[in-house]
Amino acid sequence: MTVIKGLARAEQIYQDREKRAKELKAEGKKIAGYLCCYPPLEIMTSLGYMPIRIMGEMDEPLTEADTYLPTVMCAFYRSVLDVAMKGRYDYLDAFIGAHACDGAERVSYVWRSYLKSPCSFYLDIPHTNHAAAIEFFKKQLFYLKEELEKTAGKKATAAMIKEAVTLHNKQRSLVRQLYELNKQDPPLVSGSEMLQVMIAIMCIPPEEGNVLLEEVIEEVKGRAEGPKKKKGRILIWGSLIDNIAFTKLIEDCGLNIVIDDTAIGTRSFWIDVDETEDPFDGLAIRYLDKIVCPRTFRDTKNTRMEDLDNRFSYLKKMIKDWNVNGVYMNIIRNCDIHGYEISEVRDYFEEMGLPVLVIEQDYSTTALEPLRTRFQAFAESIN
Amino acid sequence: MFYKAGLDIGSVMAKAVIMDNDKVLSYSIMPNRGSFYNAANNVLKEALEKAGLTYDKLNIIGTTGLGASFITYPHIKNTEVACQSRGMNYLLPSVRIVIEVGDQSTRVIKVTEKGRVADCVINDRCAAGSGRILLIISKVLRVNINDLGNFSITSTNPVRFSTSCSVFAETEAISRIAEGIKKEDIIAGLHQSMAIKIYSMIQKVKIEEKCAITGGGAKDLGLVKMLQKIIGKDLLVPDEPFISGAIGAALMAAEKEVVFT
Amino acid sequence: MIFAGIDIGSTITKVVIKQEEEIRAIIIQPTGAEHRRLAHEVIKKALNNADVTFDQIDFIVATGYGRINVPFADAQVSEITCHMRGVSWLFPNVRTVIDIGGQDCKGIKVVNGKIRNFIMNDKCAAGTGRFLEVISETLGLKLEDIGEISLRSNDPAGISKTCTIFAEQEILLRLSEGVSIEDILAGLHKALAGRIYSMVGKIKIEKDVVITGGGAKNIGLCKYLEKRIGFSMLTPPEPLITGALGASIIAQEMVTKAGEEKLAHIKKERKLEAVTFFDEAD
């Protein structure tokens, strides 16, 4: 029997995302589903929960969610609730909702009322990074720990959490190593492969994820047939993408996706948790302040440009380091977090002299094909 | 004897019923061919002839529909939603959700025990999900509109449409034909995309135990079957789905008269 | 050298054959359901008009929504790029292109002959040429007449819906109310212009504005659109062919860039023969 590993294993997990969680559950492990990249994985891991990222399904027509959510809400969260209502996440032992955005907040409410997960927690995330907000958030993380302890049947000590911090930091460093390999031209990992790996490691225990990442790094370093050289080396900014049908369409049009700033991508892994004396200090600062999602308000500066620099200079660095020559701004329809930022971020990219493509998409695979012309025209506008 | 007439002058079809108290004596259905005025006259005339009555025998006339304001003889007008709700309650008293698939609009009405409107969702900004696409597609595929259902139910692989715009669905259907996709799969695909759209409307008023479908769309077995599959329950269909609104118009007019005199 | 651009649009197919700076032939004809057979047919017509043989053409670029269905094309380029190139060739100072096609509506922002930004509606028929087609059909008028008729109105009827199907319904209502055809048409054109303006407005409309596509041939639409924009637009002598023209210009550029010896690599092994995947027996 051949053991499937590396990219092939990532693809396998990507295809059947709940499989590993269900296997482990059958062996007695507890599974915690969480929304977005804000609930600290370290707390779940330290208490023996396997964290799994809750996602939607672009292939599935929305039929159930509209009873509970308005159609003006972001299509991703409507889809999340839709598949949840259809039973996809019935096996979860814990549900961790979060006020990442208003869509996530709404879903958390409805989830608690209709989908009775044995343990359900709503993480209140403040919308600023002020000292008082971090203090408040730290308290929320403590409540999350206490709530999970009730169903875990054990207590998490500082030492246990610190151990989990080390484990997850290792994952973050491996993810960064993998992205590093895309600095060369052509990149070593295609956007679709990268997405499969990112989703895979969000759906298996961190220890297994780390092994998978190491396998993938080794595999692509030695690969003869990687992605082909293309005219476009693009960065994707904005709402998340969780289906490779989307990245494949982009790649089909003469564009290589070399780096991203999205929640199923670098945003979830880019920055480590500091190993502080009280682990909650490091967690609170990392998850509230250091994740760069525009959902969090950051203090304004003197001029607009200084202000933009304060919020987005990390993008400038990514663009330089990964030699990016075009930016695709991905907005899931009605995603207020990213939709509201279009003009600011777009100006910022254009200031750097980069061609920018903005698409508001419907989070549905049936609506993808008409986007082909847009991506093709965009690729043609890149020199 | 209390003879009443109900007229429902829709965007495409004119419908009339003649009732004696609670009994339907006759009805008539005809396309209005661009003139609401003529259609309203002709459809009433034909219904009266079928009932063996004359205009002066009528005690009251109730009307509804887009073209009702063009009727010149005395009448009592009510909204389409109220009339559908009342008419369906008369035909199928146990029903609490009425899905009306008309030419231009699709409505989902929650009906009370007494036939009043409890809640209602209408597609009023765009025609996606309305019955018009069925007419368009029957022309494109050169299939009689009454046969769409028979084709649809034999499909094993409905096409997925990328648009819900009725006008563009036509183009998409033409492209699928050119690709050699079978008629039944195209029709079933359309039925599926309509059914999903309609189901999302139903959810806004929350589904109930007994649901019924009426309007021209109810005559399309393929659409009914597809909706049943997606909703997960059977739908009741009146014997003649075109006239439920007209019946409601007649009944409501008579009820109002009682209040007024 | 001789180049061809072929633009298979959703409604109309256009071909331009260009030799150096001279346009040798233009073909415009309706697109049917079957693109491949059509592509073969129109190129033959164009060759005939230009009095050249198929082998004399150095490079062929296909564009438009049916661009993948041109088996003999050497390259495919998106219609957005082609329109921009065609328009820029005709009007070097263009900053904004508004293209109103049969099934979509595009706004293209041009800076120094390059695409800076673009926007496209192809999701629903509102704001596209299809809207005009449907209403002219509903009113029993010729598509080419309705723009002019709309300009005779002093009191455009209120049309609140831009959904094509609903606008049809509103037409029937207004007609039944006795509103005159010119007032109805004026109302419809105004509504359509408003819809296009708000869409293209997202890329900030700047002078010079060039309008292309079938919509450019509708004088009523152009007038109402100019009213909204606040200044006048330019129209190419033949607004339908800018895409095909752009494709032929890109063909020329591709050949120049590649140079003599590399040309063989980018050129496809091609034959002109009727290919079809449509079952001829109906």
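Observations, loosely collected:
- Simple Cβ-charge dipole of chain C, Lys/Arg +1 and Asp/Glu -1, about Cα centre, in debye nearest 20: 1060
- Translational diffusion of region A:1-51, µm² s⁻¹ [Kirkwood Rh, Cα pairs; Stokes-Einstein; 25 °C; 0.890 mPa s]: 197
- Over all other residues within a Cβ to Cβ distance under 15 Å of residue C:144, the charged ones net out to -3, with Lys and Arg as +1 and Asp and Glu as -1.
- Calculated FRET value between residue A:340 and residue A:301, using beta carbons and R₀ = 22 Å, to 0.05: 0.70
- Distance between region A:46-112 and region A:145-171 - C-alpha centres, whole angstrom: 24
- Taking Cβ separations below 4.7 Å as the criterion for a possible disulfide partner, the isolated cysteines in chain B are B:83, B:120, B:211.
- Cα pair distances of chain B binned at 10 Å [whole percent]: 8, 31, 32, 21, 7, 1, 0
- Equivalent ellipsoid semi-axes, region A:225-381, via Cα gyration tensor eigenvalues times 5, rooted, Å: 28, 18, 16
- Per-residue Cβ neighbour counts within 10 Å put B:33, A:9, C:270 in the sequence B:33, C:270, A:9, beginning with the fewest.
- The relative contact order of region A:225-381 comes to 29 percent, based on Cα pairs under 8 Å that sit 6 or more residues apart.
- Region A:12-60: GluC sites (Glu not before Pro) in DSSP coil with no more than 14 other Cβ atoms inside 10 Å: A:27
- Likely footprinting exposure, A:288, B:236, fewest C-beta neighbours within 10 Å first: B:236, A:288
- Principal axes of region A:78-163: Cα extent on each, largest first, Å: 38, 33, 20
- Diagonalising the gyration tensor over the Cα atoms of region B:93-237 and scaling each eigenvalue by 5 before taking the square root yields semi-axes of 27, 15, 12 Å, largest first.
- Here the alpha carbons of chain A define both size measures, Rg and Dmax, at 20.0, 64 Å.
- Compared with the dominant principal axis of the Cα atoms in chain C, helix C:35-50 is inclined by about 70°.
- Shielding of peptide A:354-363 by partners, expressed as the average count of other chain Cβ atoms within 10 Å per residue Cβ, is 2.
- Region B:165-198 residues near the modelled residue B:229 label - backbone nitrogen below 20 Å, point 7 Å along Cα→Cβ: B:173, B:176-177, B:181-198
- Based on C-alpha pairs under 8 angstrom that are at least 6 apart in sequence, region C:33-86 has a relative contact order of 32 percent.
- Among C:94, C:211, C:31 - extreme Cα towards positive end, dipole of chain C, charges at beta-carbon: C:94
- DSSP beta bridge pairing in chain A, given as percent antiparallel to the nearest 5: 0
- Computed label-point distance, nm, for sites residue A:369 and residue A:124 using a 7 Å Cα→Cβ extension: 4.9
- Residues residue B:197 and residue B:135, FRET efficiency given R0 of 22 Å [Cβ-Cβ distance, rounded to 0.05]: 0.85
- Put a dot 7 Å past the Cα of residue C:270, heading toward its Cβ, do the same for residue A:71, and the two dots end up 4.4 nm apart.
- Taking θ as phi - 60° and the Karplus parameters 6.51, -1.76 and 1.60, the scalar couplings of region A:39-53 work out to x, x, 5, 4, 5, 5, 4, 5, 9, x, 7, 8, x, 10, 6 Hz in sequence order, x denoting glycine and proline.
- Classification of region A:295-383 by its C-alpha gyration tensor yields an oblate form. The axis ratio a/c (a ≥ b ≥ c) is 1.5 or more, and b/c is at least a/b.
- Calculated FRET efficiency for the pair residue C:235/residue B:204, C-beta based, R₀ 45 Å, to 0.05: 0.50
- By the Cα gyration tensor, the protein assembly as shown has an equivalent ellipsoid whose semi-axes, rounded to whole angstrom, run 50, 42, 25 from largest to smallest.
- The lysines within cross-link reach of residue C:142, meaning a Cα-to-Cα straight distance under 26 Å and a gap of 8 or more places when in the same chain, are B:139, C:14, C:106, C:123, C:161, C:190, C:217, C:223, C:227.
- Positive-end residue of A:97, A:47, A:72, charge dipole of region A:13-157 with Cβ unit charges: A:47
- Shape of region A:13-157, Cα gyration tensor, a/c cut at 1.5: oblate
- Seen from residue C:80, the other residues with C-beta closer than 14 Å to its C-beta sum to a net charge of +2, counting Lys and Arg as +1 and Asp and Glu as -1.
- Highest-fluctuation residue, A:287, A:114, A:77 considered, GNM on chain A with Cα pairs under 10 Å: A:114
- Using a cutoff of 8 angstrom between alpha carbon atoms and counting only pairs six or more residues apart, the relative contact order for chain B works out to 24 percent.
- Couplings 3J(HN,Hα) for region C:2-12, derived from phi with the Karplus relation 6.51 cos²θ - 1.76 cosθ + 1.60 (θ = phi - 60°), are 10, 10, 10, x, 10, 10, 8, x, 5, 10, 10 Hz, where x marks Gly and Pro.
- Just so you know, the Rg over Rh for chain C is 1.02, from Cα atoms, with Rh as the Kirkwood radius.
- Separation of alpha-carbon centers, region C:115-193 and region B:62-117, rounded to whole Å: 30
- Cys with no candidate disulfide partner in chain C (beta-carbon separation under 4.7 Å rule): C:82, C:105, C:222
- Ranking A:270, C:247, C:68 by how far each Cα lies toward the positive end of the dipole of the protein assembly as shown (charges on Cβ) leaves A:270 at the top.
- Most mobile of A:90, A:336, A:362 in a GNM of chain A (Cα contacts under 10 Å): A:90
- 5 angstrom amide H check on residue B:76, placed H, neighbours 5+ away: B:61, B:62, B:63
- Global form of region C:109-243, assessed from the alpha-carbon gyration tensor, a/c cut-off 1.5: prolate
- Net charge dipole size for region B:93-237 [Lys, Arg +1 and Asp, Glu -1 on Cβ; Debye, nearest 20]: 240
- Comparing A:303, A:157, A:365 in a Gaussian network model of chain A (Cα springs below 10 Å), the most mobile by mean-square fluctuation is A:303.
- Here the protein assembly as shown carries DSSP beta bridges of which approximately 50% are antiparallel, counting only pairs with both residues inside.
- Ascending count of other beta-carbon atoms within 10 Å, so fewest first, for B:231, A:337, A:257, B:213: B:231, A:337, B:213, A:257
- For region A:145-210, size of Cβ-based charge dipole, Lys and Arg +1, Asp and Glu -1, in debye: 280
Coordinate-derived values only; no laboratory data. Since the model is a prediction, treat every value here as computed from it, not as a measurement. Here the Cβ is made from the backbone with ideal geometry for all residues, glycine too, and neighbour counts use every protein chain on show.
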